[in-house]
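**Student:** Right, I'll just put the structure down here and ask away after.
The values are calculated or read from the model by the stated rules, or taken from the named source; none is laboratory data. What you see is a predicted model, and the numbers here were worked out from it, not measured in a lab. Cβ sites come from the backbone with ideal geometry, for glycine too, and all protein chains shown count toward neighbours.
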Amino acid sequence: MQSELGRILAPSGMSAAWLPVDVPRTSGQDFPAVVVVRFAGHCSFEGPSNGAADPAGQALAEADTVAGHVLPFARVDCDRVRALITPSLLAMPPAWKSEMLGRALARVSAHEIYHMLSGVETHGASGIFQAGHSRRDLTATTFSFAAPENSWLHGWLQRQTDPVQVAKAVPGETTSGSGAAVLDESDSADFAGR
């Protein structure tokens, strides 16, 4: 999951440092932004399956909002992500299933991270920040942010490292939507909001 998120963020020049929330930062650990992503449920294919129901119509992940403002806190539901991708992984060896789950969790997390950094509840027209994703999107060899989102993330990073910059950032072109990361009946995840 960590290497996939690194691959997703690399074109924008960003990287992620993974730290447990209950461990204090040490001296010299300064970051331009901190977001908290909590992973709920069973985030592995090791051990017995929890028998999660079909996640159609349920949130895969959601960034917290207050009064229309996106906060830097999100929750990813590992059980629902597992249930979504499992039908396409049945013939795979266990190690490959774990790799596919890590890939899918990284992509769902990246979607939420963009919401948290940009502060927008709307979505892009394509790529990881689009409103809906299929099982294939979450497990394919490559799936990335579209150019407008990569450009916005690169600009955001530049603004964090350049204190002289005073212009307000406006995220790339998006389409409207509201709600949370949910699934429709066609095995795709709708990221219609946070």
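**Student:** Consider residue 107 against the criteria (1) modelled with pLDDT of 95 or more; (2) surrounded by fewer than 17 Cβ atoms within 10 Å (Cβ to Cβ): it satisfies all of them except one. Which criterion is unmet?
**Tutor:** Result: residue 107 passes all but (2).
**Student:** I would also like to ask the following. Would you check which residues across the stretch 102-139 are assigned to a helix (DSSP H, G or I), farther than 13 Å from residue 60 by Cα, in contact with a Phe, Trp or Tyr (Cβ under 8 Å, 6 or more places away or on another chain) and of a type in the set (A, V, I, L, M) and list them? Break it down stepwise before answering.
**Tutor:** To start, the set of residues in the stretch 102-139 that are assigned to a helix (DSSP H, G or I) comprises 102-118, 135-139.
Those left that are additionally farther than 13 Å from residue 60 by Cα: 102-103, 113-118, 136-137, 139.
Filter once more, keeping what is in contact with a Phe, Trp or Tyr (Cβ under 8 Å, 6 or more places away or on another chain): 114, 116-118, 137.
Within the stretch 102-139, 116, 117 qualify.
**Student:** Still on this structure, I have one more. Looking at (1) surrounded by 14 or more Cβ atoms within 10 Å (Cβ to Cβ); (2) within 22 Å of residue 98 (Cα to Cα); (3) of a type in the set (Phe, Trp, Tyr), which is the one condition that is false for residue 18?
**Tutor:** Just one mismatch for residue 18, condition (1).
**Student:** Then there is this: Return yes when residue 113 is touching a Ser or Thr at 6+ places or on another chain (Cβ under 8 Å), among the hydrophobic types (A, V, I, L, M, F, W, C), buried (at least 22 other Cβ atoms within 10 Å of the Cβ) and closer than 21 Å to residue 17 by Cα and no when it is not. Reasoning before the result, please.
**Tutor:** Values: touching a Ser or Thr at 6+ places or on another chain (Cβ under 8 Å): no; among the hydrophobic types (A, V, I, L, M, F, W, C): yes; buried (at least 22 other Cβ atoms within 10 Å of the Cβ): yes; closer than 21 Å to residue 17 by Cα: yes.
For residue 113, the condition - touching a Ser or Thr at 6+ places or on another chain (Cβ under 8 Å), among the hydrophobic types (A, V, I, L, M, F, W, C), buried (at least 22 other Cβ atoms within 10 Å of the Cβ) and closer than 21 Å to residue 17 by Cα - is not met.
**Student:** Same structure, new question: Can you tell me how many residues in the stretch 86-101 are farther than 14 Å from residue 137 by Cβ and either outside any helix (DSSP H, G or I) or of a type in the set (Gly, Ala, Ser) (or both)?
**Tutor:** The qualifying residues number 7.
**Student:** Being at pLDDT 50 or above, crowded, with 20+ Cβ neighbours inside 10 Å and in contact with a strand residue (DSSP E or B) (Cβ under 8 Å, 6 or more places away or on another chain), is that true of even one residue in the stretch 177-191?
**Tutor:** no
**Student:** Do you know which residues across the stretch 87-117 are of a type in the set (S, T, N, Q) and touching a strand residue (DSSP E or B) at 6+ places or on another chain (Cβ under 8 Å)?
**Tutor:** 109
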